Amino acid sequence: MGELERAVMEVLWDRGEPCVVRDVVSVLAERNLAYTTVMTVLDRLTKKGLVRRQLDGRAWRYEPVNTRADYVARLMLDALDLTGDRPAALTRFAQSVSSPEVEVLSEALERAVRHRTDDQGRS
């Protein structure tokens, strides 16, 4: 995503409800963006599959396809794919996070292991 696309996505994620173009323009008012510029960005995000839209009267309402956390997780997985050595990259990442983040990761990994174990038990 480009910088403007990211700013528009941040508005959509922060709002938590479908927005019309005018809503996004008003939140990004300090940037002095033209209505058509924001409309074009939202159209591009829709074509990229990051945003979905639904017609509401004469206006489109836009909302993110995924949560911010889902999007960031996808970016992280894509970055791991680029490394050529996922174990080394994961190890380096784990060594670089703070103690509170280690706790979050540990708990998430425990839940993931339990979930996979439960799924295998049902197979």
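The values are calculated or read from the model by the stated rules, or taken from the named source; none is laboratory data. Just so it is clear, the model here is predicted, and its values are computed rather than measured. All Cβ positions, glycine included, derive from the backbone under ideal geometry; neighbour counts span all protein chains shown.
A few points about this structure:
- Counted as qualifying within region 40-123 are the helices (runs of 4 or more DSSP H) with 1 or more residues that are within 30 Å of D14 (Cβ to Cβ) and either touching a strand residue (DSSP E or B) at 6+ places or on another chain (Cβ under 8 Å) or of a type in the set (K, R) (or both), namely 68-83, 99-122.
- Among the criteria (1) touching a Phe, Trp or Tyr at 6+ places or on another chain (Cβ under 9 Å); (2) farther than 16 Å from A7 by Cβ, the one A79 does not fulfil is (1).
- Output for region 1-21, where each listed residue is out of contact with any helix residue (DSSP H, G or I) (no Cβ under 9 Å at 6 or more places or on another chain), at pLDDT 95 or above and within 15 Å of Y71 (Cβ to Cβ): R6
- Checklist (1) among the small types (G, A, S); (2) surrounded by 13 or more Cβ atoms within 10 Å (Cβ to Cβ); (3) assigned by TED's automatic domain parsing to the domain that holds L12 applied to A89, failing item: (3)
- Candidates T46, T67, T36 - the one that is exposed (fewer than 15 other Cβ atoms within 10 Å of the Cβ) and either modelled with pLDDT under 95 or under 20 Å from the mean Cα position of the chain (by Cα) (or both): T67
- Meets criteria (surrounded by 10 or more Cβ atoms within 10 Å (Cβ to Cβ), touching a residue at least 24 places away in the same chain (Cβ under 8 Å) and within 15 Å of the chain's Cα centre (by Cα)) for L75: no
- Check on V24, modelled with pLDDT of 95 or more and at negative phi: yes
- Evaluation of W13 against (1) in contact (Cβ under 8 Å) with a residue 40 or more places away in the chain; (2) hydrophobic (A, V, I, L, M, F, W, C); (3) not in a helix (DSSP H, G or I) (one fails), failing number: (3)
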